[in-house]
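Structure, as C-alpha cells:
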Amino acid sequence: MLPHPELDFRRTPVTLLIAAVAVAIELVCTFDPARRDVYYSVWKLGILSTVWSGELWRPFTTTLLHDEVFRTSLIHAAFNVYWLVTFGRALEPYFRPFRYFLVLVVLAFCATMPSFLASNWDTPLDKQHGTVGLSGVIYGLFGILWMGGRYRQDFRSVCNAETVQFFIAWFLFAIVLALFGEPVDNVAHGAGGLVGILFGKALFGPDRKWMWRSTSALITLVLLSLGFAAPGHPLYEKHCELQAYRRAIRESQVRIQIRPKEPDPADQPPAQTGEDPSHDGDTAPSP
C-alpha cells in the first residue's frame, strides 16, 4: 500500500509552501496557457543558458514549472506534489526546515543541470530545450528515504517496499514513454536518484561512511559546478562567445562616447588679422 501525504504546516512548512507555489503556477497556466512562456522566459524561472551569466536561481525555480505528460500538465504537477508532500513529512522534520530547503535546492541543481546539458548538446542558443518539473527532486528524496529506510522506522513508513517497487517500475516505464515521444525527463530522474542514494548512504550507511561521504561530496560538487561553467559543452561555448561579443560591443560604444570630439573648421570664428582702425586705446574719439 502506498503512503499518504500529511498536511501539517507546523511540521513541514517548506514542503507545503513549495507545493502551494507549484500548484498555484500550474492552475494559472492551465487557465491561461500563454503564461507558461511568461513564467519561463520573462520571469526567468525556467532553465536557460543565462544561468552561466549569474542567474543561478533558474535550476531550482524551473522545478516549480510543469509541462505536459499524457497531454496534460495537471497530471505531471499532481504526481510530483503528491510525492513531495508524502516524502516531506519524514524528511523535513529530520533535516529541519532550513537544511531541508538546502537539500531541495541541491537536488534541483544536481537533477536539472545534467538534464539541461544532455538535451542541448548541439542546440542553437535561440532554440534551447528547457526542462521543468519536480520529478528529479522527487527521485532524489526517494533515494535518501530508500537508503535511510534501512535504518530508520520513520523513513520506512513513507518509503516502504511497495513504494520502492513503484519508483523503480516508474523509472523503467518512463524510459519506455520517452521512446514513444512523451516528454519525460529521464536524465533528471537518474541524476536526482543517484545523488539521493549517495546522500542516503553517506548519512545513514554504517559501513565505509568515509567512502560514501567523499563520493557524494565529489559528485555533488561536480554537478553544482555545472551551474557556473560547463567547459567543452557546445552550448556553453556558444554562450561564452555571445557574451564576449556583447562585451566587445559595449566596450566599443564606451570608447566612441568618451573619445574627444575634434573641432570642425567650419564652426571656428574667423581669425583676427588687425586692429579696428576706428578705435585707438590711447586717444578719445573726435567730437
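Annotations for the structure displayed:
- Compared with the rule-of-thumb size 2.2 N^0.38 Å for a compact globular protein, the chain has a Cα radius of gyration ratio of 1.60.
- From phi via Karplus (6.51, -1.76, 1.60), per-residue ³J(HN,Hα) for the stretch 38-50 in Hz, x at Gly/Pro: 4, 5, 5, 9, 5, 7, 6, 8, x, 6, 9, 5, 5
- Ranked by the mean number of other Cβ atoms within 10 Å per residue, highest first, peptides 131-137, 81-87, 8-14 order as 131-137, 81-87, 8-14.
- Modelled label reach - TYR94, point 7 Å along Cα→Cβ, the stretch 5-40 residues with backbone N closer than 19 Å: 5-8, 11-16
- Acute angle (nearest 10 degrees) that the helix 209-225 long axis makes with the longest principal axis of the chain, alpha-carbon atoms: 40 degrees
- Computed 3J(HN,Hα) for the stretch 119-134, one whole-Hz value per residue from the Karplus formula 6.51 cos²θ - 1.76 cosθ + 1.60 where θ = phi - 60°, is 7, 10, 5, 10, 10, x, 4, 8, 9, 5, 8, x, 9, 9, x, 8, glycine and proline marked x.
- For the peptides 179-192, 231-244, the ranking by mean Cβ contacts within 10 Å, running from highest to lowest, is 179-192, 231-244.
- With respect to the chain, whose longest principal axis is taken over its alpha-carbon atoms, helix 161-179 is tilted by about 50°.
- Inter-site label distance for TRP57 and ILE168 at 7 Å from Cα along Cβ, in nm: 4.0 nm
- FRET efficiency, ALA248 to ARG150 (Cβ-Cβ, R0 41 Å, nearest 0.05): 0.15
- Once the Cα atoms are used to define both axes, helix 13-31 deviates from the longest principal axis of the chain by about 70 degrees.
- Relative contact order (%) - criterion: Cα under 8 Å, at least six apart; region: the chain: 21 percent
- Expected 222 nm ellipticity per residue - DSSP helices of 4 or more, -39500 (n - 2.57), all of the chain, to 500: -19500 deg cm²/dmol
Bear in mind that the values in this text are calculations on the coordinates, not laboratory data. Just so we're clear, the structure is a prediction, and the values are computed from it rather than from any experiment. Cβ: placed from backbone, ideal geometry, glycine included. Neighbour counts: every protein chain shown.
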